[in-house]
2 protein chains.
Amino acid sequence: MKAVGMVVEYNPFHNGHLYHLQQTKKETNAECLIAVMSSHFVQRGEPALVSKWARTKMALAGGVDLVVELPYPFAVQTADMFAHGAISILDALHCQEICFGSEHGNIDHFLEAVHLLKQYEQEHNQRLKQLLESGMSYAKAYATALGQLQNEQSTLDLSKPNNILSFHYVKAIVEQQSNMTPKTIQRIVAHYHDSHLPNEETIASATSIRHHLQTDGLQSISSYVPPTTKEELQRYYTVYGTFHYWEHYFPLLKYRLLTINLEELHQIAEVEEGLEHRLKKAIQQAKSFREFLTCVKTKRYTWTRLQRVCTHILTNTTKKEMNFIRAYKKATYIRLLGMNENGQRYLRKMKKKLKLPLITKVATLQNDPIYKLEQKAAQAYVSILPEPLLTEALQMEYATPPLRKLT
Amino acid sequence: MKAVGMVVEYNPFHNGHLYHLQQTKKETNAECLIAVMSSHFVQRGEPALVSKWARTKMALAGGVDLVVELPYPFAVQTADMFAHGAISILDALHCQEICFGSEHGNIDHFLEAVHLLKQYEQEHNQRLKQLLESGMSYAKAYATALGQLQNEQSTLDLSKPNNILSFHYVKAIVEQQSNMTPKTIQRIVAHYHDSHLPNEETIASATSIRHHLQTDGLQSISSYVPPTTKEELQRYYTVYGTFHYWEHYFPLLKYRLLTINLEELHQIAEVEEGLEHRLKKAIQQAKSFREFLTCVKTKRYTWTRLQRVCTHILTNTTKKEMNFIRAYKKATYIRLLGMNENGQRYLRKMKKKLKLPLITKVATLQNDPIYKLEQKAAQAYVSILPEPLLTEALQMEYATPPLRKLT
C-alpha cells in the first residue's frame, strides 16, 4: 500500500484543502493518505478555531485516511522545528512521498535551495547573524540570507509563507536522511493573509474564512467549506457555545502575566533579549489581546512570533522543556487521532514496522517530554470553557479513542 | 498623644467591630486609634469581600483614626507570622497599647501562657512534633501542645480562634521586645464560625454576615452593620458588579493548576509533603472551589490551610519569596491606607520618630521583598473583573493616595 503524507492544520478544513487532497491522491496514486495535523494550537501561535477532535472529523470527512497529531512543541514553532516534527512522524509511518502546497510549485528548485544551503551553511549563518543584528525579524532574515545564496535567475521566492515551509520540509527530509520523496502542488488561493473572500470563487484562505466566521457567522463561509466542515463547526458551537479565538484567552493571559515573576517569565520559551520587561509593562494597560500585541510589537518581534510567545506563556511552556525538542528534533511517538477503514487497514499491515510507538491511549505517555507539553496545551485550550463543559472537555484528552469513519 | 493599635480585617466592618473599637477607646483613653488591616486577602486564605480601599473607608467611617496595611505575606499566614507582622507595624507607629478581642478576655492568662512557653520551649516543640507526626493539623497540634504546658486549673482555651491569635500577639510583643502593652476585650459574638444570624441581636460574626450577603443580599445584613458599611458595599457592587468570593477565582485557579508543573507547584508557599500530587489530581475533576477543597481535604490539611495554599497558588507566591519574611519576621515599611484629621495630626507629630518608613506612594517600594508579594496579590485580586474595570482597578494599587476623612 502506497502511503503519502501531508502536513496540515485544517483550521478549518476548506475547499482549498479538499482540492489539495484530491490533487495529491491523483498525482501520487496514494493508497493511503496520511495527515499529520497540529493539535489545539497552530503554528502562528493561535488557538485552533475548534478542537483537534472536531478538526479530525473534518479531515476524515474530506477523505484523509489517517490523522495523526503534530504535538504542541512542534506545532507552535518556527518553520524549521515545525517541519522536523512533522517529517519525523510521516517518516515513522513509512510514507513513500510527502506532498505539500507551495506558491512556487516546482520541487526541483526547493531541492536546489536546500543543497545550496548545505554547501554554504557557514556563509548563510554569518549573513543571518548580521541581518538579525540589524534588527530584522528571524523569519525575514532567514529568507533574505537564503535569497542571497541563490543565483540571480532563481524564481523561488522564499519570502512567501508556503515556500519557506516547503523549503523546510525538504531540508528536514535531507537532514533526517528520510527516504520520503517530496512533492509540491502549486497553491491556488490568492494570498495567504488575504482576509477578503473572493466573491465568485469557492476557495479562500483559512485566515479569511476564520475572519468571516467571526464577524459574519457560519452562513457567510458556506461556499468556501465542504458541508461536513460546516456541520462540524455548527455542532461544536452548539455543544461549547464558542469557537476559540485569542481574545477569549486574554483574561487568562493577563492574569498570568500579572502574577508571573520576571525571572519566571524569562524562562518561558521564546522570551528572549529582555522581552519579559516589554510584556510585563504592556500588560498593565492592555484591555484586549490586540491592544496588548500592538503595544509590544516591533520590527524584530513580528506579530506571529509574539503570538507564539503568548501561547507559550498561556501553556506555561519553558525553554528548559523545549530543550529536548531542540536537541532531538524528532517526535518520540505517533498519536493516532482518527482513521477510516482504509487507514485502519494500512496500520494493521504496517503495525510491526513503524519506526515509533503508535499511541491510541495517552495514559502510557505520562513521562514523555513531548507529550507533557501537549497535555499542558490541551488543558490550557479548554480553560476558557464554563463548567461543567470544561471538566468534560478536559477528560476528552485522556478518554477519546481514535475517531473512526466508516467508508 | 496616646496611640492604641488594633489588628483587623473588617471583612466587612460590622457592629461587633464598632463595639470593639468603642470599648478600646473607652478602656484605653486612646487619642489615636490605629488599625493595621489585612490587604486584599485575609488570614483564612480568602479574597476579602471588597477591596482594601473600600474597607479602609468603612474603618474611617467607624471611627478609626489611621488605617495601615498588613501586607499579603503577613496577612495570609498562620497566626504566628500574622501576629509578628501586625505587631511590628503597630510598634513602628509607637502605639503604647494594643487591644484585641478574645473569647477569654483576661490578658494575664495570655501573658502567663507565653512565659510558660518561653520557659518550656523545647518540651513544647517536641510535643508539637509528635502531634504533627500523628497526623494532626498544625493549628490543632500547636494548641494541644500548649494546653499540655498549662496547669490543670487554667481556663484559657487555646483551641478558640481568637484566643490563639491573642496568644500570638502577646508572644510577638515579647519576642520583638516591644514596649506596647497588650490588652484584651472579651468578644461578645456567639461563635466565630457561626453562620446563622441571631434574630434579635445586632451583632453577628463576619462569617455569617458574608454568608447572608451572598445568599440573601445586602438588605439581609442591614441590622448587623453600620449604615456606612452598607453604603460602601452598595457603592462597590454598583461600580464592580460583584463582591469577591473564592468561587469567582476558581477558573483562574483551575487554569493555573492545570498548566503548572509539579516541580513548580512544589515551590509554592505551604505546598508541603507531596500535597502537589493531591492538588494536581483533584483539579482534573473539580467543577467548583468547594468541590475541589472537599476532595483535597484531610485531617492534616484543614480547610483554612488549604485555602491559604490555594491563595498562594493564585498569587504565585513561592516558598523562596516567603523565606525573607520567615527569617526577618517584621515588616519593612508602613503603608498608609487612610486617615482622618486626628490620625493626620498624630502622623505629623510622630513623623520623624517612626521606626519604619511611612509609605504613601508604592512606586518607591518596587524592590521591597514584602511589597513585591503585596503587588502580586493586588493584581490577582482584580483579575476576576471584566475590562475595562480590571485595568482601572489595577491602576488603583499605584495611583490611590491615602484616603482622607474630614472629622
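Readers should treat all values here as calculations from the given coordinates under stated rules, not as data from a laboratory. This structure is a prediction, so every number in the text was calculated from the model and none was measured. Methodologically, a virtual Cβ is constructed for each residue, glycine included, from the backbone with ideal geometry; neighbour enumeration extends over all protein chains shown.
Taking a 31 Å limit on the Cα-Cα distance, which of the listed pairs A:K320/B:K280; B:K352/B:K372; A:K254/B:K299; A:K361/B:K320; B:K57/B:K352; B:K160/B:K405 fall beyond it? In this structure, A:K254/B:K299; A:K361/B:K320; B:K160/B:K405 exceed 31 Å between Cα atoms. Here A:K405, A:K183 are placed in order of increasing Cβ neighbour count within 10 Å, fewest first, which gives A:K183, A:K405. Annotation: the antiparallel percentage among DSSP beta bridges lying fully within the protein assembly as shown is about 20. Each residue in A:K26, A:K329, B:K297 was given a count of other beta-carbon atoms within 10 angstrom of its own, and listing them fewest first yields A:K26, B:K297, A:K329. Residue exposure proxy: A:M180, B:M58, ordered by other Cβ atoms within 10 angstrom of their Cβ from fewest to most, comes out as A:M180, B:M58.
Peptide A:253-262 has a mean of 6 when you count, residue by residue, the C-beta atoms of other protein chains within 10 Å of its C-beta.
Shape class for the range A:6-99, computed from the alpha carbon gyration tensor (a ≥ b ≥ c): oblate, with a/c not under 1.5 and a/b at or below b/c. Placing a label point 7 Å from Cα along the Cα-to-Cβ axis, A:L111 is separated from the same position in the other copies by 9.6 nm, shortest listed first. In chain B, a dipole from Cβ-located charges (positive for Lys and Arg, negative for Asp and Glu) runs towards its positive end, and of B:A363, B:S134, B:T229 it is B:A363 whose Cα lies farthest in that direction. Here B:E27 yields copy-to-copy label distances, from shortest upward, of 9.0 nm, the label point defined as 7 Å from Cα along Cα to C-beta. Look at the stretch B:267-278: the mean tally of other chain Cβ atoms within 10 Å of its residues' Cβ atoms is 0. Magnitude of the charge dipole for the range A:309-399, about its Cα centre and with charges confined to Cβ atoms of Lys, Arg (+1) and Asp, Glu (-1), is about 880 debye. Reported to the nearest whole Å, the Cα centre-to-centre distance from the range B:18-65 to the range A:168-185 is 71.
Comparing Cα centroids, the range A:279-332 and the range A:196-250 end up 25 angstrom apart.
Among rounded, prolate and oblate, which fits chain A when a ≥ b ≥ c are the square roots of the eigenvalues of its C-alpha gyration tensor, a/c under 1.5 means rounded, and a/b larger than b/c means prolate? Rounded shape, in that the Cα axes give a/c under 1.5. Amide H to amide H distances under 5 Å link A:F100 with A:K183, A:T184, A:I185, where only residues 5 or more positions off or on other chains count and H is placed in the peptide plane.
Give, in nm to one decimal, the length gained when the segment between A:H115 and A:K299 is fully stretched (0.36 nm per residue of separation minus the Cα-Cα distance).
Numbers: separation 184, 0.36 × 184 = 66.24 nm, distance 3.02 nm.
My answer for the length gained is 63.2 nm.
Here is how far apart the B:K353 label points are across copies: 9.2 nm, shortest first, using a point 7 Å from Cα toward Cβ. Since only A:W53, A:V64, A:T24 are under comparison, the one whose Cα sits farthest along the positive direction of the charge dipole of the range A:23-73, derived from C-beta charges on Lys, Arg, Asp and Glu, is A:W53. Regarding the protein assembly as shown, what's the average projected area of the Cα-atom convex hull, expressed in nm²? For the protein assembly as shown, the mean projected area of the Cα convex hull comes to 39.2 nm². For A:V68, the residues whose modelled amide H falls within less than 5 Å of its own, excluding neighbours fewer than 5 places apart on the same chain, are A:A35, A:V36, A:M37, A:L337. Taken about its Cα centre, the range A:246-326 carries a charge dipole of about 260 debye when Lys and Arg each add +1 at the Cβ and Asp and Glu each add -1 at the Cβ. In chain B, the sites counted are GluC sites (Glu not before Pro) in DSSP loop states with at most 11 other Cβ atoms within 10 Å, and the longest stretch holding none of them, exclusive of the sites, is B:1-151. Under a model in which nothing but the beta-carbon of Lys, Arg (+1) and Asp, Glu (-1) is charged, chain B shows a dipole of about 820 debye around its Cα centre.
Near the amide H of B:A331, within less than 5 Å, lie the amide hydrogens of B:S88, B:I89, all on another chain or at least 5 residues away, with H placed in the peptide plane.
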